[in-house]
Structure formats: C-alpha cells, structure tokens
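Scroll down for the structure; my scribbles are underneath it.
The values are calculated or read from the model by the stated rules, or taken from the named source; none is laboratory data. Here the structure is a predicted model, which means the values were calculated and not measured. Cβ sites come from the backbone with ideal geometry, for glycine too, and all protein chains shown count toward neighbours.
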C-alpha cells in the first residue's frame, strides 16, 4: 500500500529529457494519473495499492506541444497550468526582462513592488517585439480536447502573488478560471502558484475559487497533505540532474556546496 505520490513538474523541458524521465518511472512500475484522479485519491485519503505519479507543466508554453507525441506514445496524462494573458499577447513578462536585462536579473525583477514591476515592464514591452512563446487560444482549446491533457489555472499575468493588492489577487485567481472555462468548456478546479510564492492570504483566496493547488515544495505528495499546498519536484528536462532531485540528493548537494563554497 502506498501513502505517497510522485509529483513532477516542468516548464518547457526538452522532449528527450522528458521522455527519459517518463521511461524511468514506467520501468519502476509507476502508473501516471491525471489531476481529476489525484483529487479523488487525496479527497478519499485511501492508500493506493500501486505506485503513482503525477506530471504537470506550468505557464502554457508553446514548446509544450513537442511533448504530445511522447505522452501519446506512453499513454501518460499531463496537466498544463495556463496563464491566460499570454494566450492573447503571445509572451510572458520574463521574455522582456531576459531580452533587456538578461536571465541573471530575473530574481531581482521578481522582488520589485507591484507598481514598479508593472511600470518597468510596460516600458520594456513598448521597446521590444518578441516571437511568441505562449500557446494560442486555439491551441489550448485543441489540447483541452485531448484525452491525455487537462488544462488548469496559473493566473492571468503570472504575477508574484505575494506582491499584489487584494483586489488584483482576486481578479488573477477568478479571471483566469473564467477565461479557461470559456475556452475549454470544462470546469477549472486546480491551480498552481506562480513562482511558488504564497502566504496564508494567497492560500485562503485560492480556496474561494479552486479545489486544490500546487506549490514548488520539493517532495512527494502524501495522503493527508493540505489540498492547497501540494508539493512538486521542479524538473528541467536535464535527465541526470532531475534524477538527483527526485532522489532528494540535489538539495543536499547544493547545501553542502554552499557550506564548502564550491
């Protein structure tokens, strides 16, 4: 009897690295479940009689379309958490930050106040035209009809929710749900916190709109976990590094290296 579920998530993994990880778990006897079955299992709190795994993708990036042949090949269900504004605009805010300031400035930009964040972002958007990185509305509609894909919510603009005022928090949670339900014709009941940033305020607000939500805490899901604080291993598609993460070794290595100043 199993009392935990392997919980993996990606953003835009390489197809090769993604497929190798899927094969790794299949060879070890895991069955992959979709988000509806996950909710059912966690709500019932009954131990599973088999080894289970759950896979999700954050943001709704166009590169995720490359993974369709893999999930079809192995009959693996996935959940894609979609931010809705980029479906129309074509891009995410970090596309502009990386274009102007480089990826090394990403974390610094995330820490800006709400007003400074959007003031600076607006100027960057005026100065730059960037090729589309997000799925389109039609692509999300197509994916939602795929029997192995579930579309769920990841806010409207992918803000750092802990930095936004209450009214913006509510609209980010509600409006993305409304838009995705209109596109897919399905109930949107699951959410993932952008950047894994949350306090009790964000969790309480999420409970008003959804049935479960996912963080970036790096561990297995355990029966009895808070449905609005579900953990996931953050993977990249770099197969060997990802293995170290799911084995629990990567975090230990980073801690040791920081102590020893490697």
Quiz prompt | Residue among 151, 71, 80 that alone is touching a strand residue (DSSP E or B) at 6+ places or on another chain (Cβ under 7 Å), more than 19 Å from residue 236 (Cα to Cα) and outside any loop (DSSP other than H, G, I, E, B) | solution = 151
Self-check item: Selection status of residue 67, surrounded by 15 or more Cβ atoms within 10 Å (Cβ to Cβ) and without any contact (Cβ under 8 Å) to a residue 60 or more places away in the chain
Solution: yes
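Residue by residue through the range 38-64, note down the ones that are under 19 Å from residue 27 (Cα atoms) and either free of Cβ contacts under 8 Å to residues at least 40 places away in the same chain or surrounded by fewer than 19 Cβ atoms within 10 Å (Cβ to Cβ) (or both).
Initial filter on the range 38-64 (under 19 Å from residue 27 (Cα atoms)): 48-55.
The answer is 48, 49, 50, 51.
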Quiz item: Quick check: is even one residue across the range 155-175 touching a residue at least 24 places away in the same chain (Cβ under 8 Å) and within 19 Å of residue 77 (Cβ to Cβ)?
Solution: no
Quiz item: Is one or more of the residues making up the range 103-112 within 20 Å of residue 165 (Cα to Cα) and in contact with a helix residue (DSSP H, G or I) (Cβ under 6 Å, 6 or more places away or on another chain)?
Solution: yes
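Within the range 220-234, restricting attention to residues that are part of a loop (DSSP other than H, G, I, E, B) and at pLDDT 95 or above, which residue is nearest to the chain's Cα centre (by Cα)?
As a first pass, look at the range 220-234 and keep what is part of a loop (DSSP other than H, G, I, E, B): 220, 223-229, 231-232.
Then keep just the ones that are at pLDDT 95 or above; that gives 220, 225-229, 231-232.
Values: 220: 15, 225: 18, 226: 18, 227: 16, 228: 14, 229: 13, 231: 11, 232: 9 Å.
It comes out as 232.
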Practice problem: Determine which member of the set 57, 8 is at pLDDT 95 or above, assigned to a strand (DSSP E or B), farther than 19 Å from residue 210 by Cβ and in contact with a strand residue (DSSP E or B) (Cβ under 8 Å, 6 or more places away or on another chain). | Solution: 8
